[in-house]
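The values are calculated or read from the model by the stated rules, or taken from the named source; none is laboratory data. Source: prediction; values computed, not measured. Counting neighbours? That spans all protein chains shown, and the Cβs are built from the backbone with ideal geometry, glycine included. We work out accessible area using only protein heavy atoms, side chains counted, and drop any ligands, DNA or RNA first. Shrake-Rupley method; radii C 1.70, N 1.55, O 1.52, S 1.80 Å.
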Amino acid sequence: MTNNYKPIMGGVPISIERLARGLEALGHEVTIFAPTYKEQQDMEEANVFRYATCMKHFIGGIVLPNPFDIRIEKEFRRKAFDIIHVHHPMLIGRTAVHLSRKFHIPLVFTYHTRYEQYASCYTRGICKLDRIMPLYLHGFLKRCSFVFAPTAGMRNYLTDICHVPAENTGILPTGIERRNFDVAPETAAEIRRYYGAEHMPLLLTVSRMAGEKNVAFLLESLARVKALYGKPFRMLMVGDGPDKKALEERGRQLGLQENLVFTGTIPNERIADYFKAADAFLFASKTETQGIVVLEAFAGATPVIAVRASGVEDLVDDGVNGILTGEDTEEYAARVTEFLEEACGGCGVEEMPYRKACCRQMSENALQKAAQYREEAVALKAVHYYNSVIAENATQKKRNIRLLLEG
């Protein structure tokens, strides 16, 4: 159950789609409850129940779903679900709690987003969400039989700040698709040719063009990189969002017209090609609980240069499979420039078309890290957790019945 899903591109829709696909491949039946979008009407999709939408344009361009749609409960009456897995604590999250109680179905939840950090980008400090959200989450999480975190760092946040009992938590990352590992070098080389980066470094970011993703910080840092590096480079800005036009204008103001390419949204089936083509993936978001794009970059054997933040630092080992910095444009630019000099500075033009030998070890380390997160492995882990929760719920029912009879 989710507040947002395809055709919206984002970490939560991707995580849900991949987990559902992995579970179905193992023989399980999955129904995804997701809001209705105008753009989704032409999509062919199986096992997705589309419930009503209240507002087509809400915060950051996403919709405001209607979790009170009576058809949701009718679907629960029609099917005998074994478990509810909800991906948001608000809106559909409250509906999930209601249905869990009414139909006696165990409820599990994945904590995808640092909501207080995300919302502060839009409330501008009006609300003290950094204090309110842990309190709200504490009340919501008490209604869940089990809580998933995508990384160990976020699991610590749930236990230490939100006071979820450690025995009721587990780590379930987003799986990486097989095709992310299988991009041919020729395909990646073609992308470099298309963007004129055959003989220069190619950098990449994949992100919603919105405030919470901290893309403006990347632009400021790249302006400094341009001054420090002093040689041509290309930066692909993949993604769309409410701030795209403003970011394009800011890039022009910083004199980065020759360096930046705002590609807009790239079809999901092609995005792996872009990760494989890049020499480095640049990332500055501080609101991630895992950072799916970081793992997708790793699957393309592409090192990640990121701002040190929760979620990301669980994946990026500084100097091993990428680089971590503080949120400081001078520091970030210096580390990017250092990487470019080491990866490309000593190479002749004839050696440029694809991954340089001097950064090959970091690339290999990135690929090894991604291998731990393959989609099928994550689905198997989910099944293990689901079975444990279902068994515990059945035991608790028997215990309650016995206590009633004894009473």
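Put the Cα centre of segment 9-24 next to the Cα centre of segment 134-205 and the gap is 12 Å.
Excluding Leu23 itself, what net charge comes from residues whose Cβ is under 12 Å from its Cβ, given Lys and Arg +1 and Asp and Glu -1? Summing Lys and Arg as +1 and Asp and Glu as -1 gives -3. If exposed GluC sites (Glu not before Pro) are those in a DSSP loop with at most 13 other Cβ within 10 Å, what is the longest stretch of the chain that has none? With GluC sites (Glu not before Pro) excluded where exposed in loops, the chain gives 46-257 as its longest stretch. Between 0 and 90 degrees, the angle of helix 329-340 with respect to the longest Cα principal axis of the chain falls at about 70 degrees. Using the Cβ-Cβ distance between Gln368 and Glu258 with R0 set to 51 Å, the FRET efficiency works out to roughly 0.90. Using only side-chain charges placed at the Cβ, +1 for Lys and Arg and -1 for Asp and Glu, the dipole size of the chain relative to its Cα centre rounds to 1680 debye. The stretch between Thr31 and Ala184, if pulled fully straight at 0.36 nm per residue, gains 51.7 nm over its current Cα-Cα span. Here's the list of lysines a cross-link from Lys276 could span, going by alpha-carbon distance under 18 Å and ignoring same-chain residues fewer than 8 apart: Lys356, Lys369.
The accessible surface of segment 217-317, taken with every protein chain in place and a 1.4 Å probe, is 45 percent carbon and sulfur. Taking every protein chain into account, the accessible area of the chain amounts to 46 square angstrom per residue (probe 1.4 Å). Sequentially through segment 205-213, phi angles give Karplus couplings (6.51, -1.76, 1.60; θ = phi - 60°) of 9, 10, 6, 5, 7, 8, x, 5, 8 Hz, Gly and Pro residues having no value and appearing as x.
Computed from Cα atoms, the angle from the helix 244-253 axis to the main principal axis of the chain rounds to 20 degrees. Note: relative contact order over the chain, using C-alpha pairs below 8 Å and six or more positions apart, is 15 percent.
With the Cα gyration tensor of segment 164-242 giving a ≥ b ≥ c as the square roots of its eigenvalues, does the rule (a/c under 1.5 for rounded; else a/b larger than b/c for prolate; else oblate) give rounded, prolate or oblate? Since a/c reaches 1.5 but b/c is at least a/b, the shape of segment 164-242 is classed as oblate.
Only beta bridges with both residues in the chain are counted; by DSSP, about 10 percent of them are antiparallel.
Taking a ≥ b ≥ c as the square roots of the Cα gyration tensor eigenvalues, segment 251-309 comes out oblate, since a/c reaches at least 1.5 and a/b does not exceed b/c.
Summing charges over neighbours of Ala166, with a neighbour being any other residue whose Cβ is under 14 Å away from its Cβ, gives -1 when K and R count +1 and D and E count -1.
The computed Kirkwood radius over Cα pairs in Å for the structure shown corresponds, within (1) 29.2; (2) 24.0; (3) 22.5, to (3).
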